[in-house]
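Each remark here refers to the structure printed beneath this line.
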Amino acid sequence: MVRTTPPRPVDIGRHFPELAPLARTAVRLHPRAGRPTAAVSSVGGPLLWPADEPWPVCPDHAGPSHVGTTPENARRVRRLLSRRARSGEDVSALLRRIPHQEEISQDGPLPLLPVAQLYAADVPGLPCPDGADLLQVLWCSFTDHDEPWVPRTVLRWRTAAEVRDPLDDAPQPSVVSHRNYLPEPCVLHPEPVTEYPHVIGLPRELRQRIEAWEGRHGSSYHDHLSVAPGCKAGGHVRWSLTDAVPLACAECGSNLRPLLTIADWEWDDEDPSWRPVEESTTPLHDDISPAWATKLWINRGYSLQLYVCEASWDHPRVQRMQ
Ligand SMILES: [Zn+2]
Ligand SMILES: [Zn+2]
């Protein structure tokens, strides 16, 4: 089934012509619980990986043990929380039996977790180096790397047709830092939408005129007319943690292009503006809402944004929490 964002209440590019050239296409990914295979785009699903290519590991988390939870226990907790949300059953005694954080042994460097796999055919405009048609994102679930607070990601682009002997069973980490960083397997429903710059990134004078217009029209540029919430490819940056900062490549100074945003919530019941029309009657409870199918919760509600240099694929990519 497709997912369709309701039309924006107004076409803001017509009210403010200076915004029109700043419009960008974002592809909302709409991850929803499912059983993706390596042949399809996914969040938290298996990756199309050559059997003879080493699986990425985290050199910073090499064992012999780490404090966290096992992937199995993380999923048991989720199943109980869903059960409680659906039936109202008191599952607190069952939850207490599952270790929350414990010392778990790990034999060798921690294998990275598959986070996202995007086939270019599913995601219009997905930036890919020449010949590549598949982007894969993995991460180490621990958040104590050189860039604190967020998992460290590894990106791979590849040509799907070149993977003739795919890996059947990817290595699994024995431990994840917290269940918030273990993506639940989701299939995607990519949908292109038009975005305008986040309000924080606009010139002050334009911002003031938009605020005056909002007062007259009862529409919120920030909430409804600019940047889509949730997981998406491309589009504009949703600034939330910091002011807007220049997005320039450290190597050459060229613009950084937003590649992928990995976020938690896609919409909520308080503001259903971005809720797909197909989901207008779905459950709103946190633990069973389709708006939170990935179960990712990055540092208590931020998003992880990945950028690439517009000028060169060889230049370092950038990841930020916002
Ligand atoms: Zn690590
Ligand atoms: Zn560059």
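The values are calculated or read from the model by the stated rules, or taken from the named source; none is laboratory data. Everything numeric here is computed off the predicted structure, so don't read it as measured data. Please note: Cβ atoms are built from the backbone with ideal geometry, for glycine as well, and neighbour counts cover all protein chains shown.
Computed quantities for the displayed model
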item: Check on ARG86, crowded, with 19+ Cβ neighbours inside 10 Å and either aromatic (Phe, Trp, Tyr) or outside the structural domain of LEU241 (by TED's automatic domain parsing) (or both); result: no
item: Close pairs from the range 295-314: first more than 17 Å from GLY234 (Cβ to Cβ), partner basic (Lys, Arg) and not in a loop (DSSP other than H, G, I, E, B), Cβ under 9 Å, at least 6 apart; result: LYS295/ARG78; LYS295/ARG179; TRP297/ARG179
item: Positions within the range 244-270 being charged (D, E, K, R) and touching a helix residue (DSSP H, G or I) at 6+ places or on another chain (Cβ under 6 Å), in sequence order; result: GLU266
item: Every residue from the range 116-170 that is within 23 Å of PRO192 (Cα to Cα), of a type in the set (D, E, K, R) and loosely packed, with under 14 Cβ neighbours inside 10 Å; result: ASP130
item: Members of the range 287-320 found to be outside any loop (DSSP other than H, G, I, E, B) and more than 16 Å from ligand 1 (Cβ to nearest atom), listed by number; result: PRO290, ALA291, TRP292, TYR302, GLN305, LEU306, TYR307, VAL308, CYS309, VAL318, ARG320
item: Single match in ALA39, ALA33, ALA93 (criterion: closer than 21 Å to TRP267 by Cβ and of a type in the set (Gly, Ala, Ser)); result: ALA33
item: Any hit, the range 57-70, residues being closer than 29 Å to ARG164 by Cβ, modelled with pLDDT of 95 or more and out of contact with any Phe, Trp or Tyr (no Cβ under 6 Å at 6 or more places or on another chain); result: yes
item: Residues within the range 68-84 that are of a type in the set (A, V, I, L, M, F, W, C) and closer than 14 Å to PRO185 by Cα, tallied; result: 1
item: Qualifying residues in the range 243-273 (those that are over 27 Å from ASN180 (Cβ atoms) and among the polar types (S, T, N, Q)) - the one nearest to ligand 2 (Cβ to nearest atom); result: SER254
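Yes/no matrix, rows are residues, columns are (1) in contact (Cβ under 8 Å) with a residue 60 or more places away in the chain; (2) surrounded by fewer than 16 Cβ atoms within 10 Å (Cβ to Cβ):
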{"position": "PHE16", "(1), (2)": "yes, no"}
{"position": "ALA23", "(1), (2)": "yes, yes"}
{"position": "ALA51", "(1), (2)": "yes, yes"}
{"position": "PRO54", "(1), (2)": "no, yes"}
